[in-house]
1. Is it the case that some residue within the range 241-250 is out of contact with any His (no Cβ under 6 Å at 6 or more places or on another chain) and of a type in the set (Gly, Ala, Ser)?
2. Within the set of pairs 6 or more residues apart or between chains, which connect a residue that is under 14 Å from Asp348 (Cα atoms) and in a helix (DSSP H, G or I) inside the range 1-21 to a residue that is small (Gly, Ala, Ser) and open to solvent by 30 Å² or more (accessible area, probe 1.4 Å) with Cβ atoms less than 8 Å apart?
3. Please go through the range 317-328 and give me each residue that is open to solvent by 10 Å² or more (accessible area, probe 1.4 Å) and more than 15 Å from His16 (Cβ to Cβ), ordered by number.
4. Sort out which residues of the range 299-349 are under 21 Å from Glu387 (Cα atoms) and aromatic (Phe, Trp, Tyr), and write them in order of number.
5. Quickly run through the range 1-16 and pick out the residues that are open to solvent by less than 10 Å² (accessible area, probe 1.4 Å) and farther than 20 Å from Leu361 by Cβ.
6. Test of understanding: among Tyr228, Tyr212, Tyr257, which residue is surrounded by 13 or more Cβ atoms within 10 Å (Cβ to Cβ), out of contact with any Cys (no Cβ under 7 Å at 6 or more places or on another chain), without any contact (Cβ under 8 Å) to a residue 40 or more places away in the chain and not acidic (Asp, Glu)?
7. Just the residues that are among the aliphatic types (A, V, I, L, M) and either modelled with pLDDT under 95 or within 12 Å of the chain's Cα centre (by Cα) (or both), please, taken from the range 318-339.
8. Take the range 102-156 and flag every residue that is open to solvent by 10 Å² or more (accessible area, probe 1.4 Å) and of a type in the set (Phe, Trp, Tyr).
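The values are calculated or read from the model by the stated rules, or taken from the named source; none is laboratory data. None of these values were measured; they are calculated from a predicted model. Neighbour counts are summed over all protein chains in view; Cβ atoms, including those assigned to glycine, are modelled from backbone coordinates with ideal geometry. Heavy atoms of the whole protein, side chains included, go into the accessibility calculation; ligands, DNA and RNA do not. Shrake-Rupley method; radii C 1.70, N 1.55, O 1.52, S 1.80 Å.
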Amino acid sequence: MNTLYYGDNLDILQKHIPDASVDLIYLDPPFNSNRDYNVLFKEQSGGESPAQIKAFGDTWNWAGAAESWSNFSDLCPVPKVIELMGGFHSAIGENDVMAYLVMMAPRLYHLHRVLKPTGSLYLHCDPTASHYLKLILDCVFSPKNFRNEIIWKRKAGRGETNNAAIRFGVSTDTIFFYVKSSEAKFERQHRPNNEKYIDSKFTHIETDGRRYRLDNITSPSYRPNLVYTYKGYSPPQNGWAVSRERMEQMDTDGRLYLPENKSQRIQRKRYLDELEGETVDTLWDDISPINSQAKERLGYPTQKPIALLERIVSASSNPGDIVLDPFCGCGTTITAAQKLGRQWIGIDITPIATTLIQKRLFDMFQAKPPFLKSASDPAFLPTYAIEGLPTDLAGARLMFDDPTDPTHKKFEMWAVGLVPAIPQEKKGADGGIDGVAYFHDGGKSPSKAIVQVKGGKVGAPAVQQLRGAMEREKATLGFFLSLEEPTKNMEAEALTAGYYSPPIWGGKKKVRALQIRSIEQLLSGQGFDFPFTGADTTFKKADRVEESQPGLEL
């Protein structure tokens with residue numbers, strides 16, 4: 001079963017992923033760039049969404065890594081890695097880069113552990129720490145299992161060309177390709193041929209319209225058995241490249257060019273429609289990055305193009321194989337695996353990432369998570385599993401009561417994702433707003449709904465707070481989400497907010513302006529009433545994939 005895990009990937013790898021169980025791993029870990037990345041969400045009226053949320057902080061510091069360093073040999077019991085990391089510690093000291101390496105090394109150890117002998121790993125990184133990571137990978141996988149350093153040209157244009165630039169523009173990322181053993185799978189990949197090459201080489205046309213080029217059929221070295229005269233054509237000095245039997249078969253198949261002048265050489269025909277394309281090498285400059293106008297852009301920071309992951313998945317796995325991404329972000333690896341008929345495991349530590357992945361899977365494949373059960377659909381079967389996130393009321397209560405999260409931040413972000421809405425970064429009193437959703441309801445500009453999440457026992461005053469926030473924020477709708485069942489007084493208070501009739505309905509229908517749902521209702525598919533035109537503006541919609549490759553079971 002395809003599985004999406006929420007939590008720390010080191011913990012999940014240790015507890016849930018067995019030895020030698022995964023065929024392919026791709027990871028795109030934070031690069032220690034010392035910055036925060038915001039989820040941009042969908043643009044509003046030509047600009048970015050006014051509501052943003054920090055997806056993750058790409059910052060590592062020694063204070064956070066000191067405890068891991070104190071028991072590093074237990075986290076990563078590989079003598080060569082321990083020795084290497086001791087050298088790093090002496091050479092570069094206790095700083096952010098060292099903290100990053102202390103975080104990465106144990107994860108690379110466990111990723112190696114879970115790979116099958118036929119498995120491969122692709123680590124995507126940038127120059128910030130790639131040289132350190134390469135040495136760690138050599139210690140974990142062995143230098144003999146290094147295959148390639150792939151360079152992906154991720155940035156169009158000339159890079160840093162402003163007057164303040166102090167270096168050449170950075171336009172590439174590095175992808176290290178390692179295998180578990182010499183048994184690893186690999187399928188050569190091809191890319192379209194250069195049009196100039198095709199026009200200059202494939203200059204001949206058959207009577208049926210097939211284009212072809214002529215190619216040499218001379219042996220590169222002397223072979224006595226290949227020195228023979230064929231149909232009056234003398235052999236080259238080293239002989240032909242094929243045996244007489246093969247030459248006769250090629251002739252029968254119409255694969256030979258026989259010049260009228262028998263003093264000239266026989267040549268073979270290579271047809272354009274049989275050309276696989278150029279063999280992909282280590283410079284990947286044919287896959288465009290996700291720019292502001294890219295159709296597949298979802299607004300998640302560091303999102304990679306699906307074509308990049310399709311190439312990796314196609315090269316190093318077969319249909320039905322298991323693909324793992326321990327830093328899965330907005331789910332590009334997952335969707336590439338699903339599209340190509342592979343099974344998948346995704347892990348991410350941010351609730352907003354898991355929300356985006358679930359929506360993306362539904363938009364692209366109509367894939368449904370396990371909690372959308374409904375009494376009206378007894379035949380419902382989930383198409384993937386979720387671990388670490390609640391799928392029922394009992395799980396929601398456990399998440400709310402998590403002693404490691406006394407402010408209930410994770411619970412609130414998860415609950416807001418059920419709406420779905422954009423979680424709000426809050427400092428101090430939240431003013432009754434835990435999330436914001438935008439929707440087109442037929443008006444000139446998008447309308448706004450605000451979300452409030454409450455756990456434990458609450459009453460009418462909490463609903464009053466949300467109503468006040470609606471007025472203050474000029475929100476069209478208010479969504480109150482409660483862990484416990486709402487009381488009659490709460491429902492009565494919500495009714496005082498009245499109703500809203502959107503322009504799209506021409507005054508014929510209306511919805512309650514302030515709506516209340518319990519967590520249990522949302523988990524069963526009883527969502528809030530959004531009066532929208534069909535263009536959801538909170539999260540950008542991924543394009544539907546009509547058919548997956550054979551071997552995929554949704």
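1. Here is the first cut: in the range 241-250, the residues out of contact with any His (no Cβ under 6 Å at 6 or more places or on another chain) are 241-250.
Adding the requirement that they be of a type in the set (Gly, Ala, Ser) leaves 241, 243.
Taking every residue of the range 241-250 in turn, at least one turns out to be out of contact with any His (no Cβ under 6 Å at 6 or more places or on another chain) and of a type in the set (Gly, Ala, Ser).
2. Pairs that qualify, where the first residue is under 14 Å from Asp348 (Cα atoms) and in a helix (DSSP H, G or I) and the partner is small (Gly, Ala, Ser) and open to solvent by 30 Å² or more (accessible area, probe 1.4 Å), are Ile12/Gly388.
3. The answer is Asn318, Pro319, Gly320, Asp321, Phe327.
4. The answer is Phe327, Trp344.
5. Answer for the range 1-16, where residues must be open to solvent by less than 10 Å² (accessible area, probe 1.4 Å) and farther than 20 Å from Leu361 by Cβ: just Leu13.
6. On the way: Tyr212 fails: without any contact (Cβ under 8 Å) to a residue 40 or more places away in the chain; Tyr257 fails: without any contact (Cβ under 8 Å) to a residue 40 or more places away in the chain.
Step by step, each of Tyr228, Tyr212, Tyr257 is checked, and only Tyr228 is surrounded by 13 or more Cβ atoms within 10 Å (Cβ to Cβ), out of contact with any Cys (no Cβ under 7 Å at 6 or more places or on another chain), without any contact (Cβ under 8 Å) to a residue 40 or more places away in the chain and not acidic (Asp, Glu).
7. Initially, the range 318-339 is screened for residues among the aliphatic types (A, V, I, L, M), giving 322-324, 334, 336-337.
Within the range 318-339, Val323, Leu324, Ile334, Ala336, Ala337 meet the criteria.
8. So the first thing to find is which residues in the range 102-156 are open to solvent by 10 Å² or more (accessible area, probe 1.4 Å), and the list is 103, 107, 109-110, 112-113, 116-118, 126-128, 130-132, 134-135, 138-140, 142-149, 151, 153-156.
Within the range 102-156, Tyr109, Tyr132, Phe146 qualify.
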